[in-house]
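Taking it in order: structure first as structure tokens, then the write-up.
The values are calculated or read from the model by the stated rules, or taken from the named source; none is laboratory data. Since the structure is predicted, the reported quantities are computational estimates derived from the model, not experimental observations. When we count neighbours, we look across all protein chains shown, and the Cβ atoms used for this are built from the backbone with ideal geometry, even at glycine.
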């Protein structure tokens, strides 16, 4: 049985599994999956003959369930939040394909954003999220869903919506629908390696009180010299959601 504490909702629609797999090049590639569950995606990934494939599972019951099958050699009892993925693939680039456990999907995405910033080793990601979170990830300025995660993810990836999936396609049926997003690395990241920490700080500071205008925030975080030099006064009357991503990347650079 799927376990709520691990955010397990198993995809049970074969056609949807096939569609998800089709969005990635798998043959002779290094592939990582988080949360194999009922092996719906796992089996399809294996059938496409990846070069190396690791499916990480924190639930020992699932590992034991498949231990006497052909699939057991791909399943590893590992906490995905604590693993260094490059160690698995011996410092080679890899692709991630996963129906992410809903309860840690944001943490995993932030982890991989930082990983890409430090190592530039992710070739592609096809990931399933709760629909509301997916909408936040792809949101643009002037939207209530636009925020930190939109800005951080877009600094490293071009993000495209692949499929919306109705909640009835899962067992147990979750409270919300899901969406699959495809992340393609940018040829050049929007920020330099050292600026990610500053971008995290700025976006956290601005969006913590997203309905308030930016005047006090800008005056608190930037000196009067920088406000004048970079004409930051023009953002005083805007709210955080009214500033585009490129401007936040600029803020991180000049902080």
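Could you please let me know if residue 156 is farther than 28 Å from residue 195 by Cβ, more than 10 Å from the chain's Cα centre (by Cα) and crowded, with 18+ Cβ neighbours inside 10 Å? Even if it seems obvious, please write down each step before you answer.
Working: farther than 28 Å from residue 195 by Cβ: no; more than 10 Å from the chain's Cα centre (by Cα): yes; crowded, with 18+ Cβ neighbours inside 10 Å: yes.
The answer is no for residue 156.
Counting only residues that are touching a strand residue (DSSP E or B) at 6+ places or on another chain (Cβ under 6 Å), in contact (Cβ under 8 Å) with a residue 40 or more places away in the chain and in the same structural domain as residue 171 (by TED's automatic domain parsing), give me the helices (runs of 4 or more DSSP H) lying completely in segment 9-128 with at least 1 of them. Write out each step before concluding.
Working: elements: 14-22, 40-47, 60-65, 85-88, 105-119.
Where helices (runs of 4 or more DSSP H) fall fully within segment 9-128 and carry at least 1 residues being touching a strand residue (DSSP E or B) at 6+ places or on another chain (Cβ under 6 Å), in contact (Cβ under 8 Å) with a residue 40 or more places away in the chain and in the same structural domain as residue 171 (by TED's automatic domain parsing), they are 14-22, 40-47, 85-88, 105-119.
Can you tell me which residue is surrounded by the fewest Cβ atoms within 10 Å (Cβ to Cβ) among those in segment 27-40 that are at pLDDT 95 or above and under 19 Å from the mean Cα position of the chain (by Cα)? Before the answer, list the steps.
Filtering segment 27-40 for residues at pLDDT 95 or above gives 27-34.
The next check asks that each one be under 19 Å from the mean Cα position of the chain (by Cα); those that pass are 30-34.
On the way: 30: 21, 31: 26, 32: 24, 33: 26, 34: 23.
Across segment 27-40, the extreme among qualifying residues is 30.
Can you tell me how many residues in segment 49-63 are more than 19 Å from the chain's Cα centre (by Cα) and at pLDDT 95 or above?
Summing the residues that are more than 19 Å from the chain's Cα centre (by Cα) and at pLDDT 95 or above in segment 49-63 gives 5.
Only one of these conditions is not met by residue 168: (1) surrounded by 13 or more Cβ atoms within 10 Å (Cβ to Cβ); (2) part of a helix (DSSP H, G or I); (3) in the same structural domain as residue 21 (by TED's automatic domain parsing). Which number is it?
The one condition residue 168 does not meet is (1).
Determine if segment 183-202 includes at least one residue that is surrounded by fewer than 17 Cβ atoms within 10 Å (Cβ to Cβ) and farther than 28 Å from residue 120 by Cα.
Among the residues of segment 183-202, not one is surrounded by fewer than 17 Cβ atoms within 10 Å (Cβ to Cβ) and farther than 28 Å from residue 120 by Cα, which makes the answer no.
Output the number of residues of segment 129-153 satisfying the condition of being surrounded by fewer than 17 Cβ atoms within 10 Å (Cβ to Cβ) and not in a helix (DSSP H, G or I).
Final tally of qualifying residues: 5.
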